[in-house]
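Everything on this sheet refers to the single structure shown next.
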Amino acid sequence: MNKSTLISVFIALICCALSVYLHETNLFYLEKQKGSKQTLISTADEASYIRPPQNWLESKDWKDSSVGNSAYVQRPPGYGLMFLFCKIISPNQPLIILKFLQILAFFVSIILFQKIIYLTTNNFKIALTFTAIYGLLPCYSGFMYYTLTEAVSPFFLLLLTHSFLQVLLKEKPPYLFVLTLMFFLILRPQLMIFPILYVLFLLSKNYSKWWVYLIGFLPFFIWQIRTYTITNEISIHPIYSYTNKSVFRPPHQSLTNLFRVWEYKSDRFHNIVGLLARDTSKNNLYNALKNIPDKYQKEVLPTLRAYQKVVFYQKKAFKEEKTLTALPIELSFTTKTDQLAKNLFLSNPIDAVILTPIKSGIELFKKSHLNLWVFQKEWRGNVFNELLRWICLLVINLSFLIVIPFLFVKSFSKYMKLVFIGILISVFYLVWIQRLNEERYMTPLLPIMLICLAVASSTLFNKTTQLDRKSINGK
């Protein structure tokens, strides 16, 4: 082990230990608040990730415990397979093993982070400086103790990027890259733009390896075949179905698409739906309407009233039917709501095409990603806590803003421009197509964005002597 590697491991140990201490402190305050012992932080999505492997071990299907087709395919199986591994090793305490794996993933991600910067810049000081930033700022490890893919997806994106770079520099055969690709696509398929760009770039250098990279996509294709067989649709996140015994049926999907014309806050949308789903009272109807911009209220009011009735008949059907199909009122509602969404989109192009996506982007980038309870509640208002919040906010925004101008720097490596393009496409999808985002959707992108800032900083200070520039640029 050379000196640079030893220093990298030492930094990773220190940063990981501090992060574990922070998360354990956060758990302590959560346990005080909830009055119960916790190994990891539970979330609303936990059941859909963890229940499928548990059911499978009990000789049932790979599905969560909800009713409907989405129960079989709502979540890709990557994180569930991790939990399955933990359950096999420790049947009684799988979350302890999962906790260890997630801590280990963050530790190794720090080492990978440093290696990627050094391979790209050949500048050890820049690599160590930004590795310390990555390891020490809590915005990059905020989900380490959560039962969500965000706990490990940053690590796997870094591993995929590092193994891609090694193949590109002809330092390693593509086996690790392909293995990582196989798991990454069934862990976080929403980020498939990075694997696609990496594979296309490698194929442009050596097309004869196409069959090797195709193997990397096989688990994802198999999962998509399973999804299509069950739901009769191709989707990476098939949460809506008329067979679902929950709110996640096509009327909810239609209402979501309608709100995307003007809405950019997911929590506000969910609160509105919650009010409408509670009962058919005018009080809840008008409380929901208050959260909608004045210019849309008159046209949207009948739709909100209709959705109250839809939910009323859904609840009635849930009590009476074992097997659910589309209700006549649902079919009528989705047809009318889809048409209204189309009409409002066409009649309000400034909102729908420009302002709402911009507001969605601002909502994403005004977040410090200090999501832990201690930052949000216990230490809020503390001068050091607020200073940390502004530091994280500044670093995250600089990491993204540096991407666009450096796309046009000729001396910049094609590999880094490839990463930049992946970031831009991912953010474009979040702000223009998805719009109703949660802060955590950005989590896997944060480390790779910081790498962009590190490489750009090295270039700005005229210290870039990229390792094997010819190989990276393909010259």
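The values are calculated or read from the model by the stated rules, or taken from the named source; none is laboratory data. Worth saying up front: this structure is predicted, and the values here are computed from it rather than measured. Note that we place each Cβ from the backbone using ideal geometry, even for glycine, and neighbour counts take in every protein chain shown. The protein model used for the area step is the full one, side chains on, heavy atoms only, and it has no ligands, DNA or RNA in it. Shrake-Rupley method; radii C 1.70, N 1.55, O 1.52, S 1.80 Å.
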Sparse-neighbourhood loop hits (chymotrypsin sites (Phe, Trp or Tyr not before Pro), segment 293-385; DSSP loop; Cβ within 10 Å at most 12 others) -> none
Residues other than Ser399 with Cβ under 15 Å of its Cβ, Lys/Arg counted +1 and Asp/Glu -1, net out at +2
One finds the C-alpha centres of segment 158-215 and segment 39-62 to be spaced, in Å, by 29 Å
Checked segment 1-137 against the a/c 1.5 cut and the a/b vs b/c comparison, axes a ≥ b ≥ c from its Cα gyration tensor; verdict prolate
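Calculate for the chain the 222 nm mean residue ellipticity that helices alone would give, adding -39,500 (n - 2.57) per DSSP H run of length 4 or more and normalising by residue count, nearest 500 deg cm²/dmol.
Per the formula, -21500 deg cm²/dmol.
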With a 1.4 angstrom probe the carbon and sulfur portion of accessible area for the chain, in percent, totals 64 percent
The aspartates and glutamates whose Cα lies under 20 Å from the Cα of Lys336, excluding any fewer than 8 residues away in the same chain, are Glu263, Glu299
If one compares the long axis through the Cα atoms of helix 3-34 with the longest principal axis of the Cα atoms of the chain, the angle in degrees, nearest 10, works out at 30 degrees
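Quick check: net charge around Phe259, other residues with Cβ under 11 Å of its Cβ, Lys/Arg +1 and Asp/Glu -1?
Computed value for this residue: +3.
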Mean 1/r over distinct Cα pairs of the chain, inverted to a Kirkwood Rh in Å, yields 24.3 Å
Here the cysteines of the chain lacking a cysteine partner under 4.7 Å (Cβ to Cβ) are Cys15, Cys16, Cys86, Cys452
Tilt, helix 78-89 to longest principal axis of the chain (alpha-carbon atoms), in degrees rounded to tens, equals 80 degrees
For the chain, the longest principal axis of the Cα atoms and the Cα long axis of helix 124-136 enclose an angle in degrees, to the nearest 10, of 30 degrees
Shape call for segment 207-287, from the Cα gyration tensor axes a ≥ b ≥ c (a/c under 1.5 means rounded, otherwise prolate when a/b beats b/c, else oblate), comes out prolate
Toy charge model, Lys and Arg Cβ at +1, Asp and Glu Cβ at -1: segment 4-69 dipole around Cα centroid in debye, rounded to 20, equals 140 debye
Sparse-neighbourhood loop hits (GluC sites (Glu not before Pro), segment 239-327; DSSP loop; Cβ within 10 Å at most 13 others) -> Glu321
Flagged as over-length at 26 Å C-alpha distance, from Lys125/Lys414; Lys34/Lys309; Lys37/Lys265; Lys115/Lys172; Lys60/Lys87, the pairs are Lys34/Lys309; Lys37/Lys265
Heavy-atom accessible area per residue of the chain, all protein chains kept, 1.4 Å probe, expressed in Å², is 47 Å²
Everything considered on the Cα gyration tensor (a ≥ b ≥ c; rounded for a/c under 1.5, else prolate if a/b is larger than b/c, else oblate), segment 261-363 must be described as prolate
